[in-house]
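The values are calculated or read from the model by the stated rules, or taken from the named source; none is laboratory data. None of these values were measured; they are calculated from a predicted model. All Cβ positions, even for glycine, are placed from backbone atoms using ideal geometry, and neighbour counts span all protein chains on display. In case anyone asks, the SASA skips ligands and DNA or RNA and just uses the protein heavy atoms, side chains included. Shrake-Rupley method; radii C 1.70, N 1.55, O 1.52, S 1.80 Å.
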Protein chains: 2
Amino acid sequence: MSDEWSLNPSSPVPLHRQIYDYMKRRIMNGEWPVGTRLPTQRDLAAKFQVNRSTVVYALGELSADGLIAARVGQGTVVANNTWSLLAASPPPDWNRYVTSGLHQPNLQMIQQINRAEANPGFLRLGTGELSPELLPTDQMKQVFSGSMSSRFSLGYSEPKGSLYLREIISAYLQTKGIDASPASILIVSGALQGLQLISLGLLHAGSTIFVENPSYLNSVQVFQSAGMQVHGIPMDRQGIQTESIGRLKRQHNAALLYTIPSFHNPTGVLMPSERRGELLQTCIQERLPVIEDDVYGDLWLDDPPPPPLKAGDRQGLVLYMGSMSKTLGPGLRIGWIVGPEPVMERLADIKMQTDYGSSSLSQHAVAEWLSSGLYEQHLHRTRAALTSRRDSMLAILSKHYQELAEWSIPQGGFYIWLRLVQPVAMRLLFEQALTEGILLNPGAVYDRQDQQHLRLSYAYASLDELERGLLRLAALIRLNSCREF
Amino acid sequence: MSDEWSLNPSSPVPLHRQIYDYMKRRIMNGEWPVGTRLPTQRDLAAKFQVNRSTVVYALGELSADGLIAARVGQGTVVANNTWSLLAASPPPDWNRYVTSGLHQPNLQMIQQINRAEANPGFLRLGTGELSPELLPTDQMKQVFSGSMSSRFSLGYSEPKGSLYLREIISAYLQTKGIDASPASILIVSGALQGLQLISLGLLHAGSTIFVENPSYLNSVQVFQSAGMQVHGIPMDRQGIQTESIGRLKRQHNAALLYTIPSFHNPTGVLMPSERRGELLQTCIQERLPVIEDDVYGDLWLDDPPPPPLKAGDRQGLVLYMGSMSKTLGPGLRIGWIVGPEPVMERLADIKMQTDYGSSSLSQHAVAEWLSSGLYEQHLHRTRAALTSRRDSMLAILSKHYQELAEWSIPQGGFYIWLRLVQPVAMRLLFEQALTEGILLNPGAVYDRQDQQHLRLSYAYASLDELERGLLRLAALIRLNSCREF
């Protein structure tokens, strides 16, 4: 539950008493209100790094005080605090609130991944971020010192985001063949927020969104929580297959198609120019608007990718999304959507209702990076580092996974989509690896039916960790593929 | 529509041709897709600062090209672009998407206010922000240079936000009498996002939220868009009246009560200690959870306010919200919610689904300001500046509004809630003032029924502007209160 408190082993106060005091304090000041479920004895022992008997002793004391109690089907819960005993009526039942909101909770496995990612102890084999050592933390300081800061403001920005930044992004998009005025650009707090604004502002419950199968979109609940269906379209080595889109569109009355043409998440596939043309033509013919997610486009390793779909869009069919999260740093929380101006105005109005705009510090930083040439220099370094990491991972795979799995060589982005030759009880593999401190991204996160893939990322863990983790993973895969299940 | 393009008067290209070229370009690359409604001739002439005949000429050319056409009931719309003529089927109807999303658009008057606030030309008499001259822009640079930056990271932060920042906020809350562990604190991108997370995570459609009448909550659609009702409870000079809460709660089956006890928005009222105790007792008795919005609490002018409701909450009944937007700068987009840990975990999970957390640059900046003492020094200066601004506004009101209006002396925050003695056609007054470049915040923004109040703010406009604006406003009020309507 708590993420910051720990026992003091050198204190004269016995450990069970420290645990008792800590838990009592949380209960007494209402941070753990009546009805809060406590972790199991085993989890508490692991959390406090003590023997289970120490936890049992502390819980016994709390129970004797009447503060906690065992409840059938719920485990141990907070039963009272002194104030609720004194008060005429019981306190509000927060559990009822917590379970009754409109928004769906994240999938359990994704919640586990989110939590493990917040714990620096895990070896992360699939994390879709640049390693902290590849982020330009020191250079970021320069942006806020000296003469570069003259355009910086601490006030609210315009509804579509800082005009200064939008002008710079407009010029940057020109280099990709996209002709977009600043008025057609909306700054968002990362691409995920862009998707949320689209779901709130342009679609209604019951709408169907087409995605590649597998797709990043299945790992977030943004459309599903708004009551929309996500329907997967098969992929091949060139990306989404276009033949069935027309028939399926009429069948499902689809409202949008979401695609990641460059260095697809999770498969790493790069859609070649010809397929891009086919996809755009199909969507024009079917009047099917497109969300083009291009957050990996700058991270090509061998050659630049073909121009985005948006560069060939003369009808305003494509909503194009970019972001700094995969290149400059996810902590900035800056992305952009490009599309028809009336659509951007609608989304900007909703954004103003949601969070009054994105951080002006972050907007300023991105504007300075893009306009000063620092961003391009950083990309240059990042591409070199990612190329070397990719090649190392491929070498490890060639050495240890020949009989276990199949994979393609990614031309950019972060991912290798590892296909296991033998089926494996993936949930079990995930849990076993987690116990050993290794965090995996199983295919089911991106396609509920998948039991045969893992998303590997060469971007996050250190080379040493990658080697260690992949070796151990190979052993776990061997262990599990022999079992009956 | 566009917010950045302007004519070049020194170009050899005639003005009507420049307008034609500009509009054709936007249409041809899909930024103004087929169906986009153009502004009226009058608005276009004002926007481009040309004679109406120049606009008429340019529109005539576009119409002759078949690119635009007049439509009954819609004005002039984009009718075609070359590509849609070439394509076998018409482009998607974005208008249908724009009008069919789940989320309600902002009230028209609020959209007008948002737009006018993005235009630096307006004199803003009611804006709820610190004047740019009061924001510590230069000092912000220091935070990112030198030794202070060691804790800074460009990566994602933990689901509840940077632990480092939450530890510092925990200590800061202690000074207000609030005992909250970092695990009970959630960092949000401003208090508005906090409200949105509560609406998505804890409530269901049809829930009723009690608010003070009038209330800031009526100026945002955050609960209404999620299908919830907002019900106003009467106020007096000590804040929300508590007698009717129990009866109304049973009548409406209310789910939450939202209150701003310190320097209420829009009335400026400070709830005294005794009323706070009554309110908390009533809510405990009725098991009615409370959202305590304390974003103005640090901006006391004469004496510090009584302790927050949260300081007396031992049951976990109160969700307490704070923010840097009113003190250090709205552009930071950093606020926090404090409440029972299971509730914060639910909200953190939804936040991860919404935007993957708040800007790490902004979180770092707030942590450094709070922990270094810079924030307290800044508050000291800000209080002195606001006191002097408040006193000046009161002097202007005493001199020019004696027979027109009534008001109280605010003890903190930004606002004077001006009650007009004679009823006035408020919508007309708002529009007239807007035509003269003066932006007002009418009472109806905070209470749909209100026709008698204006929210004045002494925080934003310069003293010179305040004097000029208030003088002109007095004349407009006199003019309108004489009219029949």
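Some points to look at:
- Hits in region B:420-472 - residues which are over 30 Å from B:Val222 (Cβ atoms), polar (S, T, N, Q) and either in contact (Cβ under 8 Å) with a residue 24 or more places away in the chain or outside the structural domain of B:Leu125 (by TED's automatic domain parsing) (or both): B:Gln422, B:Gln432, B:Ser462
- B:Trp417 being outside any helix (DSSP H, G or I) and in contact (Cβ under 8 Å) with a residue 60 or more places away in the chain: yes
- Residue in region B:335-348 that is of a type in the set (D, E, K, R) and in contact with an Asp or Glu (Cβ under 6 Å, 6 or more places away or on another chain) present: yes
- Flag if A:Leu361 is assigned to a helix (DSSP H, G or I) and assigned by TED's automatic domain parsing to the domain that holds A:Arg478: no
- Checking each residue in region A:304-314 for being within 11 Å of chain B (Cβ to nearest Cβ) and either surrounded by 23 or more Cβ atoms within 10 Å (Cβ to Cβ) or under 17 Å from A:Ser189 (Cβ atoms) (or both) picks out A:Lys310, A:Asp313.
- Number of residues in region B:61-74 that are more than 17 Å from B:Arg26 (Cβ to Cβ) and touching a strand residue (DSSP E or B) at 6+ places or on another chain (Cβ under 9 Å): the value is 3.
- Scanning region A:220-229 for residues that are within 14 Å of chain B (Cβ to nearest Cβ) and either open to solvent by 30 Å² or more (accessible area, probe 1.4 Å) or not small (Gly, Ala, Ser) (or both) yields A:Val220, A:Gln221, A:Val222, A:Phe223, A:Gln224, A:Gly227, A:Met228.
- For A:Leu347: the one exception among (1) over 20 Å from B:Thr36 (Cβ atoms); (2) in a helix (DSSP H, G or I); (3) more than 7 Å from chain B (Cβ to nearest Cβ): (1)
- Pairs meeting the criteria (first residue in region A:143-160 and at pLDDT below 70, second residue open to solvent by less than 20 Å² (accessible area, probe 1.4 Å) and not in a loop (DSSP other than H, G, I, E, B), beta carbons under 6 Å, at least 6 apart or on different chains) are A:Met148/A:Glu368.
- Residue satisfying all of: in region A:392-407; in contact with a Leu (Cβ under 9 Å, 6 or more places away or on another chain) and over 21 Å from A:Pro423 (Cα atoms); surrounded by the fewest Cβ atoms within 10 Å (Cβ to Cβ) among these: A:Ser392
- Of all the listed residues (B:Ala205, B:Ala180), the sole one being open to solvent by less than 10 Å² (accessible area, probe 1.4 Å), within 8 Å of chain A (Cβ to nearest Cβ) and in a loop (DSSP other than H, G, I, E, B) is B:Ala180.
- Residue among B:Ser6, B:Ser89 that alone is at pLDDT below 85 and within 11 Å of chain A (Cβ to nearest Cβ): B:Ser89
- A:Leu38 passes every criterion in (1) open to solvent by 70 Å² or more (accessible area, probe 1.4 Å); (2) under 29 Å from B:Asp313 (Cα atoms) apart from (1).
- Candidates B:Glu431, B:Glu406 - the one that is modelled with pLDDT under 95 and more than 25 Å from B:Pro330 (Cα to Cα): B:Glu431
- The listed residue being at the interface with chain A (Cβ under 10 Å from one of its Cβ atoms) and closer than 24 Å to B:Glu286 by Cα, out of B:Leu197, B:Leu217: B:Leu197
- So A:Ala384, is it more than 28 Å from B:Ile27 (Cα to Cα), outside the structural domain of A:Lys141 (by TED's automatic domain parsing) and of a type in the set (Gly, Ala, Ser): yes
- Test: residue in region A:373-386 that is aromatic (Phe, Trp, Tyr) and either more than 19 Å from A:Val295 (Cα to Cα) or open to solvent by 10 Å² or more (accessible area, probe 1.4 Å) (or both): no
- Failed item in (1) in a helix (DSSP H, G or I); (2) touching a residue at least 40 places away in the same chain (Cβ under 8 Å); (3) more than 15 Å from A:Ser325 (Cα to Cα), with A:Tyr356 passing the rest: (1)
- Test set (1) buried (at least 24 other Cβ atoms within 10 Å of the Cβ); (2) out of contact with any Lys or Arg (no Cβ under 8 Å at 6 or more places or on another chain) - B:Leu163 fails condition number: (1)
- Matching residues, region B:41-81, being within 32 Å of the chain's Cα centre (by Cα), surrounded by fewer than 13 Cβ atoms within 10 Å (Cβ to Cβ) and in a helix (DSSP H, G or I): B:Arg42, B:Asp43
- The set of residues in region B:233-264 being more than 17 Å from B:Asp294 (Cβ to Cβ) and open to solvent by less than 30 Å² (accessible area, probe 1.4 Å) consists of B:Ile233, B:Thr242, B:Ser244, B:Ile245, B:Gly246, B:Leu248, B:Ala254, B:Ala255.
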